[in-house]
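The block underneath contains the structure these notes are about, expressed in structure tokens.
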Amino acid sequence: SYEKAIEIIEDTISKFVILTFICFFMSCRNQSKNKFGDAKADIKNGKIKIITYGFDAEPISSNSVRQIDSLQKHYGFYYDNQGCIIDSISSEAANEYNQVIFDYLSQKNGKNWYENYQRQVDSVKVYL
């Protein structure tokens, strides 16, 4: 009957919409997880980056920037800023990526390397 056909069509459309949403969500999640690349491969290729987002509200002197760049080279990494706003899936992917990088840098520079780095950065920062 006509009513039965409409019911089947509506059910099929509902299932299609749900399946499409699930596929889209999973695709976005996988794309976001791979957005930053493979941390282990980056380490192997010598591209040691720490993913960041946001910005420093207070500008610093160009001399401070040069000194901080030098410290980053000394510790063997650079920052890769992804802009001011990042979604929660990308944030999770960045945290996972950074964990692999921090583990590597801890093996290379010692357990408290980041605290030492940050202390040195604080000592050379001159705000404008």
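A cut-off of 5 Å between modelled amide H atoms, ignoring neighbours fewer than 5 places along the same chain, links THR52 with ASP80, ASN81, GLN82. With unit charges on the beta carbon (Lys/Arg positive, Asp/Glu negative), name the residue among LEU71, GLY37, PRO59 whose Cα is farthest towards the positive pole of the charge dipole of the range 31-85. The residue sitting farthest along the positive end of the dipole is GLY37. Scaled against 2.2 N^0.38 Å for its residue count N, the alpha carbon radius of gyration of the range 48-90 is 1.33. Gyration tensor analysis over the Cα atoms of the range 77-124 returns equivalent ellipsoid semi-axes of 23, 15, 8 Å (largest first, whole Å). Length available on full extension from GLU3 to LYS47: 0.36 nm per residue minus the Cα-Cα distance, which gives 9.6 nm. Charge tally around TYR117: other residues with Cβ under 14 Å, Lys/Arg +1 each, Asp/Glu -1 each, net +2.
Computed from the coordinates by the stated procedures, all read-outs in this text should not be read as laboratory data. Note that the coordinates shown come from a computational prediction; the quantities given were computed from them, not determined experimentally. Counting neighbours? That spans all protein chains shown, and the Cβs are built from the backbone with ideal geometry, glycine included.
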